[in-house]
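Visitor: Right, I'll just put the structure down here and ask away after.
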Amino acid sequence: MSATSTTDTTRAREAMVDAIVADHARFGQPPLSPAVERALRTVPRHRFLPGLPTAEAYDHEQAVVTKEENGLALSSVSAPSIIATMLHRADLRPGQHVLEIGSGGYNAALIRELVGPFGQVTSIDIDSDVIVRAEELLADAAAEGVHLAVADGEHGFAARAPFDRIIVTAGAWDLPPAWDTQLAPDGRLVVPMRIRGLTRCLTLERTAAHGHWRAVAVDPCGFVRMQGAGEYWEPMPLLHEPDGAQVGLRLEDGPQPDIEALRTALTTDPAESWSGVTVGAEEATDGLDLFLASVADGWALLTAQRGAIQAGLIRPIVLTGTPALVDNDGASFAYRVLRKISGQERWEFGAVGHGPHATPVARQLTDLISRWDRNHRGGPGPHIELLPASIPTTDLPPGRVVPKRHTHTVLTWDRRPSSDT
Ligand SMILES: C[S@@+](CC[C@H](N)C(=O)[O-])C[C@H]1O[C@@H](n2cnc3c(N)ncnc32)[C@H](O)[C@@H]1O
């Protein structure tokens, strides 16, 4: 490599870390620890993305897909910004033993930096191609001492347990028992977890007995889906089927609504409701999404292909999933929309309803948005606990219970002391 290109990559790396630091300040996240910042400034990310232009390798928000099948990403090198947040949350110390589930090389090299020569890094992936690639790239980047193995993360990696930290870098739906048994008593688990269709990166610590966890931090994130024994796909019936103009509803397990009735609803005239609650271009809405997912019984995510919007079937939405509500009648639904406030760089939240109860269900959604604005906006977010699925639901703390195979997730929102509704 020429001296000039080394200077270029060093500059690009510095700029990447500066951008992450600035984002943390702008979005009110805690500043990165000096150790994480140093590691990010040290590990050459471009070495893990050979052939990619330097500017893209050091784009702080860009995940780079390294393997896909039928248009679905199976493996990627994660975006530096979320990697930085997860490493910060993991609070890695020199000498620790760490398990990374989902390899790629880059994150393992950063963990290696953080735990130092007396630490141990084990990185596993379900895909042998990923492990072969990571092995080559780690050697090329002179990042030695990472133990790589092909394994399904659902079972952890008993041969090198116990671990002080487990960092999962694929989107999990549940928390398998092996992560509990293989984590040291005072260990930390950082995992992107799907909760009612939303992915949140949870930093988990045990509260008491094995299998009882509480989230000490909750960060928005997106990851490729976990494969193998823990793979799970939420039901996603289509309300409109033509390819290129599909409209779907991503639902939780449990009683399913009458899809034929909802298909009919989509063909009926829409009704609108507006909340008076506004949002700026740079304001995150992940707190609102999680609130709606917690409190709405008929919670769903509306997904769409672009053609459905172009055809006027639905209003512009986030195609991969926009908060929606199925009415108690099972035959009406509403989804969240935005309208621009004239003369301002702000947008108002509203809802569009369809079906026999189009107006009440749209109003129900905007009422919930107003409740979030009054009682929780800018607040600390929900308490999230994960408890063994063997506990009867009647013995669980009050809150939204999301039942899964191994664990129940319970979300509880504190009201602001001054709020009354
Ligand atoms: C986002 S990538 C990992 C990124 C990586 N940590 C990095 O350094 O940027 C997610 C990886 O998880 C892997 N994966 C998916 N399901 C898995 C499972 N059950 N066990 C282990 N790895 C899995 C995928 O093959 C994929 O390579």
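Visitor: Tell me whether region 41-50 contains one or more residues that are part of a loop (DSSP other than H, G, I, E, B) and either more than 16 Å from A15 (Cα to Cα) or within 7 Å of the ligand (Cβ to nearest atom) (or both).
Guide: Checked region 41-50: at least one residue is part of a loop (DSSP other than H, G, I, E, B) and either more than 16 Å from A15 (Cα to Cα) or within 7 Å of the ligand (Cβ to nearest atom) (or both).
Visitor: Is it the case that region 121-130 has a residue that's near the ligand (Cβ under 10 Å from one of its atoms), assigned to a strand (DSSP E or B), of a type in the set (D, E, K, R) and farther than 30 Å from A300 by Cβ?
Guide: yes
Visitor: Under 6 Å between Cβ atoms, at least 6 apart or on separate chains: pull out the pairs that start in region 151-175 with a residue that is within 20 Å of P185 (Cβ to Cβ) and in the same structural domain as V130 (by TED's automatic domain parsing) and end on any residue that is assigned to a strand (DSSP E or B) and near the ligand (Cβ under 9 Å from one of its atoms).
Guide: Qualifying pairs under 6 Å: F157/I124; I167/E100; V168/I101.
Visitor: Considering only strands (runs of 3 or more DSSP E) fully contained in region 315-411, which possess at least 3 residues that are among the β-branched types (V, I, T)?
Guide: Qualifying strands (runs of 3 or more DSSP E): none found.
Visitor: Within region 162-175, can one find any residue that is buried (at least 23 other Cβ atoms within 10 Å of the Cβ) and part of a helix (DSSP H, G or I)?
Guide: No, region 162-175 contains no residue that is buried (at least 23 other Cβ atoms within 10 Å of the Cβ) and part of a helix (DSSP H, G or I).
Visitor: Now a separate question. Would you confirm whether or not region 191-198 contains a residue that is touching a Phe, Trp or Tyr at 6+ places or on another chain (Cβ under 7 Å), at positive phi and away from the ligand (no atom under 16 Å from the Cβ)?
Guide: Among the residues of region 191-198, at least one is touching a Phe, Trp or Tyr at 6+ places or on another chain (Cβ under 7 Å), at positive phi and away from the ligand (no atom under 16 Å from the Cβ), which makes the answer yes.
Visitor: If you don't mind, another one. Filtering region 131-149 down to residues that are outside any loop (DSSP other than H, G, I, E, B) and not aliphatic (A, V, I, L, M), which residue is nearest to the ligand (Cβ to nearest atom)?
Guide: R133
Conditions tested, residue by residue: (1) surrounded by 20 or more Cβ atoms within 10 Å (Cβ to Cβ); (2) at negative phi; (3) in contact (Cβ under 8 Å) with a residue 60 or more places away in the chain.
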| site | (1), (2), (3) |
| --- | --- |
| R11 | no, yes, no |
| V21 | no, yes, no |
| F27 | no, yes, yes |
| T42 | no, yes, yes |
| P50 | no, yes, yes |
| A57 | yes, yes, no |
| E68 | no, yes, no |
| G71 | no, no, no |
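Visitor: OK, next. Does any residue of region 76-92 turn out to be more than 20 Å from the chain's Cα centre (by Cα) and not assigned by TED's automatic domain parsing to the domain that holds E282?
Guide: Yes.
Visitor: R371: touching a Gly at 6+ places or on another chain (Cβ under 9 Å) and among the basic types (K, R), yes or no?
Guide: No.
Visitor: Considering only residues of region 99-120 that are more than 7 Å from the ligand (Cβ to nearest atom) and assigned to a strand (DSSP E or B), which is farthest from T181 (Cα to Cα)?
Guide: Checking each candidate, the answer is Q120.
The values are calculated or read from the model by the stated rules, or taken from the named source; none is laboratory data. Predicted model, so just to flag it, every value in this text is computed and none were measured. No Cβ is skipped: glycine too gets one built from the backbone with ideal geometry, and neighbour counts run over all protein chains shown.
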